[in-house]
Amino acid sequence: MKVKSQREAVYQAIVNAYSEAGIHFEDGMDVSGQVQGEFRAGVQAILCEGFRGGTIEFEATPSNKEKLANPSKLSAYVSGLISNWVRKDTRLNGGDKYVAKNPGSRTGQSDEQMKTLRALKKQFAGTDKEALVDAQIEKRKAEIAAAKTKTVALTPEQIDALPADVRESLGL
């Protein structure tokens, strides 16, 4: 039994649902308008069965085991999964490359200081302290981004390979 990626499973379930409904499907179609109501419920049922049957990749974390044991949690997960891949998979979204609406909005989600700052932002919403908290959030985002920046060690030979004017302008 070959296990499918979640992306491939969503794609195949949608293609199968189109076929069963007698609707012509081509890669690159925008299916977002079609994957609703009963049609979506059918796709969801196919995917839920795949997760329960172990034919779709699903990491064995405690959270995922709980989803498998609870039909409503699995259904909610699969609904989000469908929405995600209908947005991101070019075979399903009209051929558009996915662009995040709010890039960087999830920065620091696992950072305790950032969590505290975001809670304070809610607490002080609409007050004069909100701007102060916003400034601290931006400062912390910059700190997190700076920590992710990788340093690269160049050899003297690599530096010597650069044109003299470039080395001079960079102070190398």
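The values are calculated or read from the model by the stated rules, or taken from the named source; none is laboratory data. This one's a predicted model, so the numbers in the text were calculated from it and none came from an experiment. Note that we place each Cβ from the backbone using ideal geometry, even for glycine, and neighbour counts take in every protein chain shown.
Details
- Flag for GLU112 being assigned by TED's automatic domain parsing to the domain that holds PHE39, on the phi < 0 side of the Ramachandran plot and loosely packed, with under 11 Cβ neighbours inside 10 Å: no
- Among (1) at pLDDT 95 or above; (2) touching a Lys or Arg at 6+ places or on another chain (Cβ under 7 Å), the one test that MET114 misses: (1)
- For region 138-172, a tally of residues being over 30 Å from LYS122 (Cα atoms) and assigned to a helix (DSSP H, G or I) returns 12.
- Selection of region 1-33 for residues being surrounded by fewer than 19 Cβ atoms within 10 Å (Cβ to Cβ), without any contact (Cβ under 8 Å) to a residue 40 or more places away in the chain and not charged (D, E, K, R) yields GLN12, VAL15, ASN16, SER19, ALA21, GLY22, ILE23, HIS24, PHE25, GLY33.
- Within the option set ALA60, ALA69, being assigned by TED's automatic domain parsing to the domain that holds HIS24 and modelled with pLDDT under 90 holds for one residue only, ALA60.
Here's the yes/no breakdown for (1) of a type in the set (Gly, Ala, Ser); (2) out of contact with any strand residue (DSSP E or B) (no Cβ under 8 Å at 6 or more places or on another chain):
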{"residue": "ARG7", "(1), (2)": "no, yes"}
{"residue": "SER19", "(1), (2)": "yes, yes"}
{"residue": "ASP30", "(1), (2)": "no, no"}
{"residue": "ARG40", "(1), (2)": "no, yes"}
{"residue": "PHE58", "(1), (2)": "no, yes"}
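- Filter result for ALA135 (modelled with pLDDT under 85, outside any loop (DSSP other than H, G, I, E, B) and not hydroxyl-bearing (Ser, Thr, Tyr)): no
- Candidate set from region 4-55 (those that are touching a Gly at 6+ places or on another chain (Cβ under 8 Å) and of a type in the set (Asp, Glu)); member that is nearest to ASN84 (Cα to Cα): ASP30
- Selection within region 34-57: residues that are under 20 Å from the mean Cα position of the chain (by Cα) and touching a residue at least 40 places away in the same chain (Cβ under 8 Å). The member of this set that is surrounded by the most Cβ atoms within 10 Å (Cβ to Cβ) is ILE56.
- Residue match in region 127-134 (condition: surrounded by 10 or more Cβ atoms within 10 Å (Cβ to Cβ) and under 28 Å from the mean Cα position of the chain (by Cα)): yes
- Residue in region 91-108 that is farthest from VAL10 (Cα to Cα), counting only those that are free of Cβ contacts under 8 Å to residues at least 40 places away in the same chain and touching a Lys or Arg at 6+ places or on another chain (Cβ under 8 Å): GLY108
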